[in-house]
Structure formats: structure tokens, C-alpha cells
1. Could you tell me whether segment A:20-29 includes any residue that is under 18 Å from A:Gly142 (Cα atoms), touching a Leu at 6+ places or on another chain (Cβ under 9 Å) and in the same structural domain as A:Arg172 (by TED's automatic domain parsing)?
2. Applying the selection to segment B:82-105, what residues are away from chain A (no Cβ under 12 Å) and touching a Leu at 6+ places or on another chain (Cβ under 7 Å)?
3. Give segment B:202-248 a look and list any residue that's within 14 Å of another protein chain (Cβ to nearest Cβ) and in contact with a Cys (Cβ under 8 Å, 6 or more places away or on another chain), or say none.
4. Scan segment A:42-75 for residues that are in contact with a Pro (Cβ under 8 Å, 6 or more places away or on another chain), more than 9 Å from chain B (Cβ to nearest Cβ) and in a helix (DSSP H, G or I) and jot them down.
5. For segment A:150-161, which positions are within 10 Å of chain B (Cβ to nearest Cβ) and at pLDDT below 90?
6. Which of the residues belonging to segment B:125-148 are over 30 Å from B:Phe104 (Cα atoms), in contact with a helix residue (DSSP H, G or I) (Cβ under 8 Å, 6 or more places away or on another chain) and hydrophobic (A, V, I, L, M, F, W, C)?
7. Kindly indicate the residue of segment A:241-254 that is in contact (Cβ under 8 Å) with a residue 12 or more places away in the chain and either more than 13 Å from A:Leu230 (Cβ to Cβ) or within 33 Å of the chain's Cα centre (by Cα) (or both) and also surrounded by the fewest Cβ atoms within 10 Å (Cβ to Cβ) among those meeting that condition.
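The values are calculated or read from the model by the stated rules, or taken from the named source; none is laboratory data. Only a predicted model underlies this, so the values are computations on that prediction, with no experimental measurement involved. Here the Cβ is made from the backbone with ideal geometry for all residues, glycine too, and neighbour counts use every protein chain on show.
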Amino acid sequence: MIEAQRLTKTFGNRRAVDDLSFSVNEGDVVGFLGPNGAGKTTTIRMLTGYLPPTRGTATIAGFDVIKESRKARSTIGYMPESVPLYDDLRVSEYLKFRGRIKGLKGTKLRERTTDVLERCGLTDVRRKLICELSKGYRQRVGLADTLIHEPKLLILDEPTNGLDPNQIRSIRALIKELAKERTVMISTHILSEVEMTCNKVIIIDNGKIKAEDTPNNLVNTLRSTGSVLLEIQSDIINASQKLQELKHVKKVRSLGKRDTWNEYEIVVDAGTDARERIAHLCRSENWSLRSLHRRDASLEDVFVELTRKD
Amino acid sequence: MLAALIKKEFRSFVQSPLGWVIFAYTIFMQGICLSTAMKSLTDTPLVENLVYVTYHTPNFWFFFLFLFPLITMRAFAEEENSGTLECLLTTPLETRHLVMAKFFARLLFYMLLWVPGILVFCLFGFITDLATPFMREVVFTSHLYLLILGAYFISLGCFASSLTGNQIIAGILTIGFLIIQYFLGFVTLIWGEQFQAAELFKLFSVQNHLRNACRGILDTSPLMLYILLTFFTLLLTHHTVNYRRWKK
């Protein structure tokens, strides 16, 4: 559905997107992750034809975003980050207007408007002015707009940004529902959202792809290490050295002292579990042991590991 | 697609208080110009026709020039500021559709503003039961000129609005452009006509052209000039909209 080949965008001397290549298959629900300023919105704007790439190409459903821009754009339903809407229009007026500029007319336009109003839970507010709607409803209007011309691909830029937890849940459920029938690309920083809704993740930072895989594979493989949390009573330097010498231990980090107990985070090789060896060491060294548990990696760990600056 | 955009733009005037304020302002000022003209006709012997005198009262250019920033300042500045420009240009619409829709919707609204003024001239004899102090052709030539000049000024306003995301600045820029255009007509009055570029300044004198049009002279050269300038300014607007979004 999306084929991006060496997409690059520079603004003056600043390279916002740098040689980005990725593909999204039909039916995929892709989480597009990255810290602020990573180049997510710029990439999305290039895919939607709003910005021309400085170099590289991209195709949407086989249409080049530059050479066949109109055809490419007609296959996309795009919701920008802040969901800009015309506040002086009523909900149904707005959706009809959007339908018309996307090429719908007559009975088809009426049918599609009724359908998206129903699907997005907007029937009750269809006669309300957009300026009177809550943020959650505005988000729904934005989603209804993306769906009105039945696009093959939805691109949603931070769709739950600024919503309260209840609104986030309802929008997330709606997106999950929509994702059953079409390809969806969601740009977000909310990692739990990606874990719940996406079957593929692309992580970018400084305009470059850092990882591209399923959330599970990323957690299992890209997070090169697991970690074990340990609380013992011991000499800090001596304990760190001894722990470091254990097999499969990559790094030992002292987290400080709580009461009289020293806390450590022990980073171990992927797919290994050093807890038994650590417990054995504690017994042999006569260290009092209060807790020892493995911390499972989450997508958040992967994200932080790939995008942290230090 | 284009029709839907024009309709939406036009409705934004008809359904908003701003549109009605502009309409009321125009009718009020047209009334002031007409009543000033009629007063002057009662005080002094009639030298020029009523249409000419109406459009040469001191109030006329003041209200006429201030009309355009009001009509055009929101055109692109508001779309850019609210982010709706991105929503529009990621649909199958092209920038040229957007520029044309903004322009034609405003031109349509501008034409609507002149309907009461034209009606007054058309019904003058019927209402006052006096001999009509102008020829019917004068009403046609003067309003045709005001229509074409208005189209050019609207294109200038759209261009100013495409330069910024702030509609107040867009309005100030528009009035700036129009005042420069207006004062080009005074250059030959101030410095005389004894220099090489005098003809050029006369060509751009909106006052001279209006004077001729109000005397019933249909001079096609200024009309063609304004039509060409309108196309050129709209082209510039198109490029500015693209340039500004591409550099973000």
C-alpha cells in the first residue's frame, strides 16, 4: 500500500527526513513512532502530497505521490495532528463539503454522509456547529472526514492527542474497528496505543528509521537485553564487581540505597535469565536478599533505547 | 469540486456577521456618496452626470479601498492559521482550484455589494419622478469598470492574504497595496507630465479610468490591463501558497 524509497526532506541546512525507506502492506495497521521533531509529520506530509520530498519517491496504492499526486491523494484519508475543522459549519454540512471536494455527489454523497455519521457516533450532533463540539467529538468529525470517500488507506497523525482517558479509549476503539477493513498508519507517542492496535511498528529518530517490525518482535529482538532488579545488603563496589562477572550479565547499574538495601538493575543478554545465578551468588557471598525479579521489556523500553540521546 | 469550494467560500460571507457588516457598510457608504452627489447637484449647476458625481465624492475612494481588505483578509491567512489549508490540499484538490475558488467567491460577493447601488440608479427616475440626470450607458460602463477594477483589487487582497498567517497583517498589506496603486494616479498631477514615464503612470491611474467610465467612455485598454494584472496576481498567489507550505 505504501512504498517509500529513500525519502529525504531538507529545510535549509536542516535535514528533517533522511533517506527513509519503508513499506506498508495492504491491511497492515502501522504505528509510526518517534520523539518530537523526529520527522514523523514531515514524512506523513510527503506521503499525503502536502510537501514534495527533496529526494526520493513514495507510492500510495501504486500511485506516485508526485507524478500521480491526485490519484494518490484520492486513496488516502488523512487526519492532521490538531484536527483542523471549519468551526462555522455544522457537522453534517462539513462532512458533505468534504465529500464534495473529494469527488462525491448526489445520492452517493448523502449515503456516505449518513454512514460516517453513524459509524463515528455523530448522528446526535450532526446539526451542531463544530465550534460547539468537545475535543473528543471534533476528533470523531476528523475521523468521519477521513472515511467519507472510502479510502484504502487512513493516515492519522496523533489521533488521541489532548484527549481525556475516556475519550482516548473510545477513539482507540473506533480506530480498531476501522482498521479491520483498511490499511491504517498511526503516528503517535502513546506506546500503549501502538501495542494495542498495531501489527507493525516503524520507529524513526532524527529523520532516520531506527526499527521496523511487529511490536512483539521488536520487544523480543531489538531490545538487545533484558533486565533483572535486585535488592541486597552488601558492599556496593564488591557486589557490583561480583555481579558483573556472572555469565550473560552485560551491565550492572546501582540504583542507590533504599533503607539499608542496595538496589541494582542488572542488564542481561537477550533470551537469558540470570536470576538463578544471581540468587546462588547471594547465598555464596552471604548477602541478604530482599527481592529479585525480572522486568519484562515493553515497547516503551524499545522506544527509549532506540531514541534516547545519551 | 470547484463549485463546492466556491459555494462554501461564498456561504462563509452570507452566513457570518462579517459578511452582513460589510454589506451594511457598503450600502451606507453608497448612500452617503449618492446623497452628497445629489446635494452638490442642488447647490451648483449640473456639469457632469449623477453617476460621475457620486463616484467622485471625497468619500468614494475612502470606502471603496477599505472594502477589499475586509473581503480578502481571511482568504488564505485564516486557512493557514487554523491548519485547514493542510486538510484541503491533501484531498484531490489542487492549489489552483483553491485560489480560483477563493477569488471567484469573493468576486461574487463583491458583485452582490453593488446590486443596491445599481438598483438606485436604475430606479432613480421611477422613485423621484425627475428627469434622470445620466444616460443608462453610463451606469453600465462605470459599473463594468468597477467590476473589473474590483476583480484586480480582490486578487491583490488574496495575494496579500497568502503572504501571512495573520489576517490583520493581511488586511494591512492589502490596504498598503491599494493605496500605492491609488497614488500612482497622482504622480502626474504632482510632478506634471513632462517626463518619460508619465504615460506609464497615466496608464495605471485608476482615477483617470473611472473618470472616463463615468462619462460613458468604454476604454478597453485599462480593462484589459486590469484583467491581465488579475491573472498575474492570482498566479503569484498560487505560487506563494505553494512556496509557503513547501518551506514548512
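1. Applying the first criterion (under 18 Å from A:Gly142 (Cα atoms)) to segment A:20-29 yields none.
The answer is no, given that none of the residues of segment A:20-29 is under 18 Å from A:Gly142 (Cα atoms), touching a Leu at 6+ places or on another chain (Cβ under 9 Å) and in the same structural domain as A:Arg172 (by TED's automatic domain parsing).
2. Residues satisfying the conditions are B:Val99, B:Met100, B:Phe103.
3. none
4. Selection gives A:Met46 alone.
5. Matches in segment A:150-161: A:Asp157 only.
6. Within segment B:125-148, B:Leu130, B:Ala131, B:Phe134 qualify.
7. Within segment A:241-254, the match that is surrounded by the fewest Cβ atoms within 10 Å (Cβ to Cβ) is A:Lys247.
Here's the yes/no breakdown for (1) touching a residue at least 40 places away in the same chain (Cβ under 8 Å); (2) within 29 Å of B:Ala4 (Cα to Cα); (3) of a type outside the set (A, V, I, L, M, F, W, C); (4) within 14 Å of chain A (Cβ to nearest Cβ):
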{"site": "B:Val51", "(1), (2), (3), (4)": "yes, no, no, no"}
{"site": "B:Glu80", "(1), (2), (3), (4)": "yes, yes, yes, yes"}
{"site": "B:Leu108", "(1), (2), (3), (4)": "yes, yes, no, no"}
{"site": "B:Val115", "(1), (2), (3), (4)": "no, yes, no, no"}
{"site": "B:Val120", "(1), (2), (3), (4)": "yes, no, no, no"}
{"site": "B:Pro133", "(1), (2), (3), (4)": "yes, no, yes, no"}
{"site": "B:Glu137", "(1), (2), (3), (4)": "yes, no, yes, no"}
{"site": "B:His143", "(1), (2), (3), (4)": "no, yes, yes, no"}
